[in-house]
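The values are calculated or read from the model by the stated rules, or taken from the named source; none is laboratory data. All values derive from a computational prediction rather than experimental measurement. Quick reminder, even Gly has a Cβ in these numbers, built from the backbone with ideal geometry, and neighbours come from all protein chains shown.
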Amino acid sequence: MPTVASYCTTFLKPEMLHIYRQVTGLERHRTFILTKQRQCAEKFPFPDIEVIPPARSHFLRRFHLKYIRCEPPLVYRGEHRTLTRILDRRRPDLLHIYFGHTGVHLLPFLQHHRRLPALVSFHGADVMPRADRPGYLDRLRELLQTVPLVLARSHSLRDRLLDLGCPEAKIRLNRTGIPMDAFPVAADRAFPADGRWHFVQACR
């Protein structure tokens, strides 16, 4: 059975139920989690998690990488080496990176390890400019040219990715879905005569 390495920087924040449903819903693939931080373990139990430890980097080496060679944070902080070691040991068939900003962070790794197929899934704000990250959109555009496949949660996200220059052939719609059996009140609802449902959506 093919193996997917699912990279999610924090696994999982309380509001990330949609991510949990996805990683636990795989049927034709097995997956393990790559994360920097484990949260809400009781709410989101998972049997196979690789917590990426903070890399120990010698001060002079870090100084050389950061200021002399002008390497990106992924490299000079040592995360590139640590992630390489984990993936060399686990040997997944695919790397799934959750959220576009995480894909941008991992871009140097993806460009260096092109033999490992990778995809990035976009979920909303990760397609928008980030005031705290100058050049983010430029690196995002570069990411979209680098990975062979991109997942979008909606048509509006798909359109935004197209606006950013992502080739249409790379994009797949990957809807979140709503497990209706988790909302028994819905069973008592009659289908509207005009076919129009009215929803109230609360977001953070």
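Within region 148-190, which residues are of a type in the set (A, V, I, L, M, F, W, C), at pLDDT below 80 and over 21 Å from M16 (Cβ atoms)? Step through it out loud before you land on a result.
Step one: filter region 148-190 for residues of a type in the set (A, V, I, L, M, F, W, C), giving 149-152, 157, 161-162, 164, 166, 169, 171, 173, 178, 180, 182-183, 185-187, 190.
Next, from what is left, pick out any that are at pLDDT below 80: 178, 180, 182-183, 185-187, 190.
If the condition is that a residue be of a type in the set (A, V, I, L, M, F, W, C), at pLDDT below 80 and over 21 Å from M16 (Cβ atoms), then V185, A186, A187, A190 are the ones that fit.
Residues that are at pLDDT 90 or above, assigned to a helix (DSSP H, G or I) and out of contact with any strand residue (DSSP E or B) (no Cβ under 7 Å at 6 or more places or on another chain): does region 64-83 have at least one?
Going residue by residue through region 64-83, those that are at pLDDT 90 or above are 83.
Narrowing the set further to residues that are assigned to a helix (DSSP H, G or I) leaves 83.
Cutting the leftovers down to out of contact with any strand residue (DSSP E or B) (no Cβ under 7 Å at 6 or more places or on another chain) gives us 83.
The answer is yes, given that some residue of region 64-83 is at pLDDT 90 or above, assigned to a helix (DSSP H, G or I) and out of contact with any strand residue (DSSP E or B) (no Cβ under 7 Å at 6 or more places or on another chain).
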task: Quickly run through region 121-137 and pick out the residues that are part of a helix (DSSP H, G or I), among the aliphatic types (A, V, I, L, M) and surrounded by fewer than 18 Cβ atoms within 10 Å (Cβ to Cβ).
output: A125, L137
- prompt: Does region 84-120 hold any residues that are closer than 14 Å to T31 by Cα, touching a residue at least 40 places away in the same chain (Cβ under 8 Å) and not in a helix (DSSP H, G or I), and which are they?
  reply: R91, P92, D93, L94, L95, H96, I97, Y98
message: Checking W197 against (1) under 17 Å from the mean Cα position of the chain (by Cα); (2) over 19 Å from Y98 (Cα atoms); (3) of a type in the set (F, W, Y): exactly one of these is not met. Which one?
response: (1)
